[in-house]
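Trainee: The structure's right below; bear with me while I get my questions together.
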Amino acid sequence: MIVRDLNDLMTTDRAVSDAKWTSVRMLLADDGMGFSFHITFLEAGSEHTFEYKNHFESVYCMQGKGSITDLGTGETHAIKPGVMYALNRHDRHILRAESELVMACVFNPPVTGNEVHQADGSYAAMAELA
């Protein structure tokens, strides 16, 4: 059984920050679960363009208000507590935080914890990190 406290991880190398967001990686690839699990905080007023070409991601909003725009279709959806979105087609998107967003995120395949966003908004494939 793996038990971790978000508050304990906030000051460790599992808390990764970049470009107005912080992601606390509660489960990583080396935990052997087949997915990674993160709590991500996005600063109010921030805008982020992502495209996870090598990962599927599902996100659940726990706190805050914002929107997500699918750049392939142009559709924009409201983000608020209780809303989930899944990037089932590696969808290129813009995530906007009107107020601080607190999101629970799952990645498959799991991230290792060493990833940084590339210029196109993606994480490298695990093989590229080795």
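The values are calculated or read from the model by the stated rules, or taken from the named source; none is laboratory data. Predicted model only: the values in this text are computed from it and were never measured. Note: ideal-geometry Cβ built from the backbone for every residue, glycine included; neighbour counts use all protein chains shown.
For (1) closer than 19 Å to Phe41 by Cβ; (2) touching a residue at least 40 places away in the same chain (Cβ under 8 Å), each residue gets a yes or a no:
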{"residue": "Thr69", "(1), (2)": "no, no"}
{"residue": "His77", "(1), (2)": "no, no"}
{"residue": "Tyr85", "(1), (2)": "yes, no"}
{"residue": "Arg92", "(1), (2)": "no, yes"}
{"residue": "Leu95", "(1), (2)": "yes, yes"}
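Trainee: Please identify the pairs in which a residue from segment 46-59 that is in a strand (DSSP E or B) has its Cβ atom under 7 Å from the Cβ atom of a residue that is of a type in the set (Phe, Trp, Tyr), counting only partners at least 6 apart or on another chain.
Mentor: His48/Trp21; Glu57/Phe107; Val59/Tyr85
Trainee: Further question on the same structure: For residues that are at positive phi and in contact with a His (Cβ under 7 Å, 6 or more places away or on another chain), tally how many sit in segment 20-69.
Mentor: Number of matching residues: 0.
Trainee: While we're on this one: Does segment 97-117 hold any residues that are touching a Leu at 6+ places or on another chain (Cβ under 9 Å), assigned to a strand (DSSP E or B) and not β-branched (Val, Ile, Thr), and which are they?
Mentor: Of everything in segment 97-117, those that are touching a Leu at 6+ places or on another chain (Cβ under 9 Å), assigned to a strand (DSSP E or B) and not β-branched (Val, Ile, Thr) turn out to be Ala97, Leu101, Met103.
Trainee: While we're looking at this one, here's another question. Scanning for something among the β-branched types (Val, Ile, Thr), at pLDDT 95 or above, part of a loop (DSSP other than H, G, I, E, B) and under 17 Å from Phe107 (Cβ atoms), does segment 1-11 turn up at least one residue?
Mentor: Checked segment 1-11: at least one residue is among the β-branched types (Val, Ile, Thr), at pLDDT 95 or above, part of a loop (DSSP other than H, G, I, E, B) and under 17 Å from Phe107 (Cβ atoms).
Trainee: Let me ask another. Pick from Ser17, Ser67: which is part of a strand (DSSP E or B), exposed (fewer than 15 other Cβ atoms within 10 Å of the Cβ) and among the small types (Gly, Ala, Ser)?
Mentor: Working: Ser67 fails: exposed (fewer than 15 other Cβ atoms within 10 Å of the Cβ).
Criteria check complete, one pass: Ser17.
Per-residue answers, yes or no, for (1) in contact with a strand residue (DSSP E or B) (Cβ under 9 Å, 6 or more places away or on another chain); (2) of a type outside the set (S, T, N, Q); (3) within 28 Å of Arg4 (Cα to Cα); (4) at pLDDT 95 or above:
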{"site": "Leu27", "(1), (2), (3), (4)": "yes, yes, yes, yes"}
{"site": "Phe37", "(1), (2), (3), (4)": "yes, yes, yes, yes"}
{"site": "Asn54", "(1), (2), (3), (4)": "no, no, yes, no"}
{"site": "Ile68", "(1), (2), (3), (4)": "yes, yes, no, yes"}
{"site": "Tyr85", "(1), (2), (3), (4)": "yes, yes, yes, yes"}
{"site": "Ser122", "(1), (2), (3), (4)": "yes, no, yes, no"}
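Trainee: Before we move on, is Thr76 more than 22 Å from Met26 (Cα to Cα) and of a type in the set (S, T, N, Q)? Full working, then the answer.
Mentor: Numbers: more than 22 Å from Met26 (Cα to Cα): yes; of a type in the set (S, T, N, Q): yes.
Yes, satisfied.
Trainee: Could I ask something else about it? How many residues does segment 20-43 contain that are among the hydrophobic types (A, V, I, L, M, F, W, C), within 16 Å of the chain's Cα centre (by Cα) and part of a loop (DSSP other than H, G, I, E, B)? If you could, list the steps in order and put the result at the bottom.
Mentor: Restricting attention to segment 20-43, the residues satisfying the condition of being among the hydrophobic types (A, V, I, L, M, F, W, C) are 21, 24, 26-29, 33, 35, 37, 39, 41-42.
Now restrict to residues that are within 16 Å of the chain's Cα centre (by Cα): 21, 24, 26-29, 35, 37, 39, 41-42.
Then drop every residue that is not part of a loop (DSSP other than H, G, I, E, B), which leaves 28, 35.
Count: 2.
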